[in-house]
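Working notes, structure below.
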Amino acid sequence: MFVSQELRKKNIAEYLLYMWQVEDLIRAYDCSLSRIRREYIERFDYTDEQKEEMTDWYGDLLRMMNQEGCREGGHLQINQIVLQQLVELNAQLLSSSKFPFYNSEYYKVLPFIVELRQKTGDRRQETGDRRRETGDGRRETGGRRQEMGDRRQETGDGRQESEIETCFNGLYGVMMLRLQKKEISQNTLHAIKEITTFIGMLSDYYQKDKNEGLEFE
C-alpha cells in the first residue's frame, strides 16, 4: 500500500506494474485475507496501525477482485483505467507534431512490439487456441486482436490489445522471470531495454500532463 502511494505520485508505469504484481500476490494466497495478513503483512516491520491499514487496503482490493470476477485472472478496473489513460495519452502524443523525440522512440520500439505480439500468437497456437470470429462475424487478422497476456486471455473479454498493453505485458513478463531467476535471452533483454525507455518517456509525459498540462496543438 505504502509503495503504491509513492509510485502513483512519481512513476505511473512502475505503479501499474506494481499493482499487477499485487493482484497476483492476492491470488498466490488463494484470495484469502487472513492468509495475506498472517503470512505476508506480518513479515514487515510495521506498527500495528500500519498493519491494519495494509490489511484494509488488501481487503478492499480483494473485494473488488471478487466483484469484478478477477480471482483467477484479468485486471481490476482501477488498473485498467490507468492503462487506458496511458493508451489515450500515447495516441495524443503520436498525433501531435510537438513531441518529435517521443514519436522517434515509438517507431524505434515498434518492431519489438510486433515481435512480442508474434510470440504471444505463437504461444496461443501451441495451446490449441485458434482464430475465432468477432461479434460481427469478421475474422481476426494479423495478430492485432491478441488479448492481454495469458491472464487476460482467461477473462474471455475479447478486447483488442493496444500497443501500450503489449509493452506492459512484456515488461511484467520479464519482471516475473527475473523474480523466478529464470534465464532471459539477449534478444528479449534488448527489446525490453528499448520498451523500458519508451514507456519511461510516456510515464514522464503522464506526470507532466497531470502536474502542468501538456499542449498538443
Sort out which residues of region 186-210 are crowded, with 19+ Cβ neighbours inside 10 Å and of a type in the set (Gly, Ala, Ser), and write them in order of number.
Ala191, Ser203
Can Glu49 be described as more than 24 Å from the chain's Cα centre (by Cα) and in a helix (DSSP H, G or I)?
yes
Among the residues of region 4-15, is any more than 27 Å from Ile195 (Cα to Cα) and free of Cβ contacts under 8 Å to residues at least 60 places away in the same chain?
no
Restricting to region 91-102, name every residue that is part of a helix (DSSP H, G or I) and either in contact with a Leu (Cβ under 6 Å, 6 or more places away or on another chain) or open to solvent by 70 Å² or more (accessible area, probe 1.4 Å) (or both).
Gln92, Ser95, Pro100, Phe101, Tyr102
Among the residues of region 10-48, which ones are open to solvent by 20 Å² or more (accessible area, probe 1.4 Å), within 30 Å of Leu202 (Cα to Cα) and aliphatic (A, V, I, L, M)?
Leu17, Leu25
Expected output for region 90-112 (first residue under 15 Å from Lys193 (Cβ atoms), partner assigned to a loop (DSSP other than H, G, I, E, B) and open to solvent by less than 40 Å² (accessible area, probe 1.4 Å), Cβ below 8 Å, 6+ apart or cross-chain) is none
Whether any residue in region 10-17 is assigned to a helix (DSSP H, G or I), under 24 Å from Gly170 (Cα atoms), of a type outside the set (Gly, Ala, Ser) and modelled with pLDDT under 95 is what I want to check.
yes
Any hit, region 69-86, residues being in contact with a Lys or Arg (Cβ under 9 Å, 6 or more places away or on another chain), of a type outside the set (Gly, Ala, Ser), part of a helix (DSSP H, G or I) and farther than 30 Å from Leu214 by Cα
no
Would you call Arg8 of a type in the set (Lys, Arg) and in contact with a helix residue (DSSP H, G or I) (Cβ under 8 Å, 6 or more places away or on another chain)?
yes
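The values are calculated or read from the model by the stated rules, or taken from the named source; none is laboratory data. Note that the structure is a prediction, hence the values are computed from the model and not measured. Note: ideal-geometry Cβ built from the backbone for every residue, glycine included; neighbour counts use all protein chains shown. Heavy atoms of the whole protein, side chains included, go into the accessibility calculation; ligands, DNA and RNA do not. Shrake-Rupley method; radii C 1.70, N 1.55, O 1.52, S 1.80 Å.
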